[in-house]
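In what follows, a structure is listed as structure tokens, so that the remarks can point back to it.
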Amino acid sequence: MVLGARTLVMGVVNVTPDSFSDGGRLAGTEAAVAHGLRLFEEGADWVDVGGESTRPGAIPVPEDEETRRVAPVVEGLRRRGAGPLSVDTAKASVARSALDAGADLVNDVSAFGYDPAMASLVAERGCPAVLMHLRGGFGDMHRAPAYRDVMGEVIEELSRALARAETAGVSREQLLLDPGIGFSKDAGHSLEALRRLGEMAALDRPLLVGPSRKSFIGRVLDRPAERRLMGTAAAVSAAVLLGAHVVRVHDVAEMVDVVRLSDAIRGDAGGRAA
């Protein structure tokens, strides 16, 4: 799969009882596997499987429980011939189990910051990984975030995360970056980070952006999560036009069309490269 030829779409499978976006609808293994297969049918290039909610107020999930949620779904999707799979976790033991079950990529919202063993695992396996920007832990990241220069600080902190990963033996070529829209950022910060996404080209890594159904959309449009489809479409289009290589979304069928048209509008004008 070539990054940069067109914008890729990553579909989301949340195997959690308290997800902000689907309210636990996919908490069972078979339902989650069926949903993942449906996302590929709708045009997803990747499917991202996660077993721990990061919504404000979410209760941390023990490693064994998160593994119990995620690994069977990854295994079931792989057994049924699914396409590329990623595991959305900040725990090395969960990532290891998911990779053993057939996952291809690790999507770590903490940029290897929560679990020191994660970087070593990714180096050992040689798999791609996403480093996302956030500050604080799951319990406090949403409390009164403050920045003087949001994108400047995101770039600086992700640059340090890249350096830490390389020190641990991870090749820079394995890594994608995510500005962390909605994570330790209020609505204004998220809008500014998206508006200035093009500045992340300075880090010379492919970009994954996940604006889907996020609270900044609800704040601007006064919509609950289940009514943020059109706002998500606008944010996804902006991300593509500003240089995203991958967009992470819940509503795959609709966003595949948004991405295709945004790519067509964008053409080669943005100069995006892998």
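For the chain, with all protein chains in place and a probe radius of 1.4 Å, 52% of the accessible heavy-atom surface sits on carbon or sulfur.
GNM remark for the chain: springs join alpha carbons under 10 Å apart, and the peak mean-square fluctuation among GLY210, GLY113, GLY83 falls on GLY83. Here the label points at ILE265 and ALA34, each 7 Å from Cα along the C-beta direction, are separated by 3.6 nm in the simple model. Where the centre of each part is set by its Cα atoms, how far does the range 44-77 sit from the range 154-190, in angstrom? Their Cα centres are 21 Å away from one another. According to the calculation over all Cα-Cα pairs in the chain, the P(r) per 10 Å bin from zero is 7, 32, 40, 20, 1 %.
The residues of the range 90-211 have, on average, 38 Å² of accessible surface per residue, using a 1.4 Å probe with all protein chains present. GNM remark for the chain: springs join alpha carbons under 10 Å apart, and the peak mean-square fluctuation among SER237, SER53, SER171 falls on SER171. Taking every alpha-carbon pair within the range 45-127, the share separated by more than 21 Å comes to 22 percent.
Residue separation of ASP204 and GLU63 scaled by 0.36 nm, minus their Cα-Cα distance, works out to 47.4 nm of gained length. Cβ-Cβ distance of VAL220 and ARG164, R₀ of 35 Å, FRET efficiency by 1/(1 + (r/R0)^6): the value works out to about 0.55.
All Cα-Cα distances of the range 94-161, cut into 10 Å bins from zero to the largest, leave 18, 46, 26, 10, 0 percent in each bin in turn. The share of alpha-carbon pairs in the range 99-220 lying farther apart than 20 Å comes to 42%.
The values are calculated or read from the model by the stated rules, or taken from the named source; none is laboratory data. Everything numeric in this text was worked out from a predicted model, so none of it was measured. Note that we place each Cβ from the backbone using ideal geometry, even for glycine, and neighbour counts take in every protein chain shown. Just so you know, the surface numbers come from the protein's heavy atoms only, side chains and all, with ligands and any DNA or RNA stripped out. Shrake-Rupley method; radii C 1.70, N 1.55, O 1.52, S 1.80 Å.
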